[in-house]
Amino acid sequence: MNKIKTFALAATLCFAGAASAQEKSVAVEHVPAFNAFNHWAGQLGAVPETPVGSVQSVPLTLAGAAAGDTYQPLPVILGLPDLPLVGPGASAAARNWSQQFNYQGLILRQVVLDAAGRKRELRGMGAPLQPGERFKVRVTATFDAVAAVDQVIGDLWYGRRTGQVYPQAGLSVQIKAGETVDLPLGANEYFLMNRPANERLVVSVRHAKASPEGRSDQPAYRQDGRIGSLYLQLVPRGKFPAIEQAVSQAQ
């Protein structure tokens, strides 16, 4: 009987030791969030630019859209998050961004045509557009996303969201994790804002499951740099990323 108890105790200790070793093998790693994201973004490489052909302007005004829901923007903070990037493999985030990380990210850039319509200039989202400039919004996300562009009319504090202007209402643009997509999609299509400064656009990039109830309620942190405007959002377990950025013309 004692031999049986001794064997059982030894087996229990062996199992506990194996479990402890397994826990150590998946230990959570901590690294500075934006440092890791900058490295990941830098690994993407440049997007091949094709020659500009016959430019087609995509107007961004909804005819007769004076009414709409009050615009309450999702918060964007120009700064750094307090918490580090956490998750198995966080130290290797520069090569592979995991959906298990506590942060998910987004890169946005404006691709702006010069007045002659021949050269493109890449700008971060902090630079307002000049009246008459034609542009695309270049999107890269760490997660599988859907994107759309809405119109907002009114001043800074009392704007109204009048509806979706791209793509047509009821549709969205699907983007794979790590894929770079220009909005609008057509190679020679460019947005053109043709109202005065009270018109703004809102570029929304979210996970397909980020419904109003399912999306993260955490702010997005933004850093503007050489690569473009980088955003990180803390995404609690069971929630999904959703990031918005307003686009406006200089007054």
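Structure summary
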quantity	calculated
Answer residue from the stretch 94-120, given it is at pLDDT below 95 and basic (Lys, Arg) and is nearest to Asn38 (Cα to Cα) among those	Arg95
Of all residues in the stretch 54-76 being in a strand (DSSP E or B) and open to solvent by less than 90 Å² (accessible area, probe 1.4 Å), the one that is modelled with the highest pLDDT	Val76
Test: residue in the stretch 238-247 that is more than 12 Å from the chain's Cα centre (by Cα) and of a type in the set (S, T, N, Q)	no
Every residue from the stretch 178-228 that is exposed (fewer than 14 other Cβ atoms within 10 Å of the Cβ), of a type in the set (A, V, I, L, M, F, W, C) and within 13 Å of the chain's Cα centre (by Cα)	Ala208
Among (1) in a loop (DSSP other than H, G, I, E, B); (2) modelled with pLDDT of 90 or more; (3) under 28 Å from Leu113 (Cβ atoms), the one test that Asn38 misses	(1)
Every residue from the stretch 192-251 that is of a type in the set (A, V, I, L, M) and assigned to a loop (DSSP other than H, G, I, E, B)	Met193, Ala197, Ala208, Ala210, Ile227, Val235, Ala250
Unmet criterion (only one of (1) farther than 22 Å from Asn188 by Cα; (2) of a type outside the set (A, V, I, L, M, F, W, C); (3) open to solvent by 20 Å² or more (accessible area, probe 1.4 Å)) for Glu133	(1)
Filter result (at pLDDT 95 or above, open to solvent by 10 Å² or more (accessible area, probe 1.4 Å) and not in a loop (DSSP other than H, G, I, E, B)) within the stretch 137-150	Val146, Ala148
Odd one out for Gly126, checked against (1) modelled with pLDDT of 95 or more; (2) under 12 Å from Ser229 (Cα atoms)	(1)
Some residue of the stretch 81-98 being part of a strand (DSSP E or B) and open to solvent by 10 Å² or more (accessible area, probe 1.4 Å)	yes
Filter pass, Asp155 being under 27 Å from Ala250 (Cα atoms), assigned to a strand (DSSP E or B) and open to solvent by 10 Å² or more (accessible area, probe 1.4 Å)	no
Residue within the stretch 123-131 that is out of contact with any strand residue (DSSP E or B) (no Cβ under 8 Å at 6 or more places or on another chain), within 30 Å of Gly53 (Cβ to Cβ), polar (S, T, N, Q) and part of a loop (DSSP other than H, G, I, E, B) present	no
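The values are calculated or read from the model by the stated rules, or taken from the named source; none is laboratory data. Given the structure is predicted, the values throughout are model-derived calculations rather than measurements. Note: ideal-geometry Cβ built from the backbone for every residue, glycine included; neighbour counts use all protein chains shown. Heavy atoms of the whole protein, side chains included, go into the accessibility calculation; ligands, DNA and RNA do not. Shrake-Rupley method; radii C 1.70, N 1.55, O 1.52, S 1.80 Å.
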